[in-house]
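**Student:** One structure follows; several queries about it will come next.
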Amino acid sequence: MTSTPASTLSFLGATGTVTGSRFLLETPSARVLVDCGMFQGLRHLRDRNWERFPVDPQSIDTVVLTHAHLDHSGYLPALVRDGFAGRILATTQTAALARIVMIDSGHLQEESAEYANAKGFSKHHPARPLYTEEDALAVVPRFRPVAFDTVAEAADGVTVTLRPAGHILGSSTALLTISGRVQRTLFSSGDIGRVNHPILRPPAPPPGADIVLVESTYGDRVHEPVEEAEERLAAVITRTAKRGGTVVIPSFAVDRTEVILLALRRLVHEGRIPSLPVYADSPMALDVLRVYRRAMTSGDPEIRPDLAADGDPFDPGSLHELRTPEQSRELNDIDYPSIIISASGMATGGRVLHHLLRCLPDNRCAVVLPGYQAEGTRGRLLADGATSIKMLGRYVPVRAEIVMVDAFSVHGDGNEIVEWLRQGPKAPDTAFVVHGEQRASTVLAERLGTELGWHAVVPVPGERVRVD
């Protein structure tokens, strides 16, 4: 329970960076945390995961989780381990996917720490995980499902309404209503999807609100047309197959893998790429794929109704689902054209590192980066033209072809975000532009001012503002 005399909003993450989404609403009678993500990318950002949480986790009444991606949900195991005992409000699909994401994150952190200790290349002695798989499992009983478009009590004097965000399955925006002498509303966009998402229906229009938090991952960019992106993907796959190489696609396990498989299936069926073996090498991605398939067959209203009209849309015709480490290691011995889709999406860890270790030095191969690459990640270094990459304790030369195809991103670009916000019934008192690198946030804030007439601000890390 908080004793703050006024209602305030603190920016505990996702300011000046696209990761670590954490926004703390404090009223005279409650504390509600909107999202609880991990910081990723640059060392100084990752180090923030190890800092003491700015408020006592025991004092937080509720976490409202907009979706399951690690940069929004990945700190929950640490928060619960350190004393948070409240409820986590999220959609049913977000709860299902977050369980998969957090458990995998805990497992990978334990695995990485063990590997670093065994090989002796960690700066910490001994290396240790931020949290464990057991810590992640302890989060699951905290979830309380909230249906879309229903008003749920978040805490004393605070209600929340979740609406579809069209970003990943279960993703939502969050409207928090704060009671008091004068009622106030706070709207968080979470991550906003795209009108032309190939799997999900478009985001629901934003409501009117006094305070708006809007993401800006691609706030300074416009995605290339999907048709052009698919053509470039088809071209690099065809080139690589002719060279006898492997196409490695580092992919986020949640939604991005499904979008890529859907595109590959279409390209094969249209005869635009050769039919190659496609290896989905990520147990987490396969668990997520099962959730997506179940949502399709159950008629989940988030799914585009025409998606299941022609068999399994996620099978290009030669899909191999690899779960065990032994199956993954066997890919090291293949010497024929193939496609490997493996996590993580920014090449920060996971099985994809071993495939990059083999393929980056080989000029027959190609690496396709199908979405946003945060500062300080290996994916960003590759996108920026690095000739050498450090991974698994060694430097690896980059001779493979590197292709960026960010039209496969499921984040709205600058134009799409502005047009989505334009649908709202009124301008907010203030819009806070978050979840973006500094330039992206600044450009979007300027556009909101010039094109919508909004008062838009880019907050700084740790800033606290009044919302009453």
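None of the figures in this text is laboratory data; all of them are computed from the coordinates on show. Being a predicted model, the structure only gives us computed values, none of them experimental. Note: ideal-geometry Cβ built from the backbone for every residue, glycine included; neighbour counts use all protein chains shown.
**Student:** Mind pulling the angle between the C-alpha long axis of helix 283-297 and the longest principal axis of the chain? Nearest 10 degrees, somewhere in 0 to 90.
**Tutor:** On a 0 to 90 degree scale, this one is about 70.
**Student:** In whole Å, what are the extents of segment 226-408 along the principal axes defined by its C-alpha atoms, from largest to smallest?
**Tutor:** 48, 32, 30 Å, listed from the longest principal axis down.
**Student:** Using 1/(1 + (r/R0)^6) with R0 = 25 angstrom and r between the beta carbons of ARG329 and ARG266, what's the FRET efficiency to the nearest 0.05?
**Tutor:** 0.20
**Student:** Right, next: No other cysteine beta carbon under 4.7 Å away is the test; run it over the chain and list who passes.
**Tutor:** Singleton cysteines: CYS36.
**Student:** If the chain between GLU463 and GLN423 were fully stretched, how many nm would it gain, using 0.36 nm times the residue separation less the Cα-Cα distance?
**Tutor:** 11.5 nm
**Student:** Can you compute the charge dipole magnitude of segment 226-408 about its Cα centre, using +1 on each Lys and Arg Cβ and -1 on each Asp and Glu Cβ, nothing else charged? Give it in debye, rounded to the nearest 20.
**Tutor:** 680
**Student:** Which one, ALA68, TRP454, ILE178, projects farthest toward the positive side of the charge dipole computed for the chain from Cβ point charges (K/R +1, D/E -1)?
**Tutor:** ALA68
**Student:** Which GluC sites (Glu not before Pro) from segment 393-468 combine a DSSP loop assignment with at most 15 other Cβ atoms within 10 Å?
**Tutor:** Within segment 393-468, the qualifying GluC sites (Glu not before Pro) (loop, at most 15 other Cβ atoms within 10 Å) are GLU463.
**Student:** Okay, moving on. Tell me which trypsin sites (Lys or Arg not before Pro) from segment 1-69 have a DSSP coil assignment and no more than 15 other beta carbons within 10 Å of their own.
**Tutor:** Sites meeting the loop and neighbour criteria: ARG52.
**Student:** Let me ask you something else. Checking the a/c ratio against 1.5 first, then a/b against b/c, what shape does the Cα gyration tensor give for segment 37-189?
**Tutor:** prolate
**Student:** Next up: Taking the Cα centre of segment 199-250 as origin and charging only Cβ (+1 Lys, Arg; -1 Asp, Glu), how large is the dipole, in debye to the nearest 20?
**Tutor:** 440
**Student:** Same structure again: At what distance in angstrom do the alpha carbon centres of segment 277-355 and segment 87-163 lie from each other?
**Tutor:** A separation of 22 Å, based on Cα centres.
**Student:** Please report TRP420, TRP454 as a ranked list, fewest other C-beta atoms within 10 angstrom at the top and most at the bottom.
**Tutor:** Ascending number of Cβ neighbours within 10 Å: TRP454, TRP420.
**Student:** Please compute, over every Cα-Cα pair in segment 336-451, the percentage with a separation greater than 21 angstrom.
**Tutor:** Of the Cα pairs, 48 percent sit more than 21 Å apart.
**Student:** For the chain, what is the relative contact order in percent, using Cα pairs closer than 8 Å and at least 6 residues apart in sequence?
**Tutor:** Relative CO of the chain lands at 19 percent.
**Student:** Considering the values (i) 22, 47, 26, 5, 0; (ii) 25, 58, 16, 0; (iii) 23, 52, 23, 3, which represents P(r) over Cα pairs in 20 Å bins from 0, in percent as calculated for the structure under consideration?
**Tutor:** Comparing each candidate, only (ii) matches the computed number.
**Student:** Tell me which of PRO202, THR132, ALA285 sits at the most positive position along the dipole axis of the chain, charges placed on C-beta atoms (Lys, Arg +1; Asp, Glu -1).
**Tutor:** Checking the options against the dipole of the chain, the answer is THR132.
**Student:** Sticking with this one: Which FRET efficiency value, to the nearest 0.05, do you get for ARG52 and ASP362 by plugging their Cβ-Cβ distance into 1/(1 + (r/R0)^6) with R0 = 51 Å?
**Tutor:** Efficiency computed from Cβ-Cβ geometry: 0.70.
**Student:** Could you tell me how many cubic angstrom of Cα convex hull volume segment 227-297 has per residue?
**Tutor:** That works out to 98 Å³ per residue.
**Student:** Please report the antiparallel percentage of the DSSP beta bridges confined to the chain, to the nearest 5.
**Tutor:** Once the DSSP bridges in the chain are tallied, antiparallel ones form about 45 percent.
**Student:** Follow-up. Suppose every Lys and Arg Cβ carries +1 and every Asp and Glu Cβ carries -1, with no other charges. What dipole size does the chain come out with about its Cα centre, to the nearest 20 debye?
**Tutor:** Computed about the Cα centre, the dipole is about 680 debye.
**Student:** Which of the listed residues, LEU307, ALA374, ALA229, is farthest toward the dipole's positive end in segment 226-408, when Lys, Arg count +1 and Asp, Glu count -1 at the beta-carbon?
**Tutor:** Of the options given, the answer is ALA374.
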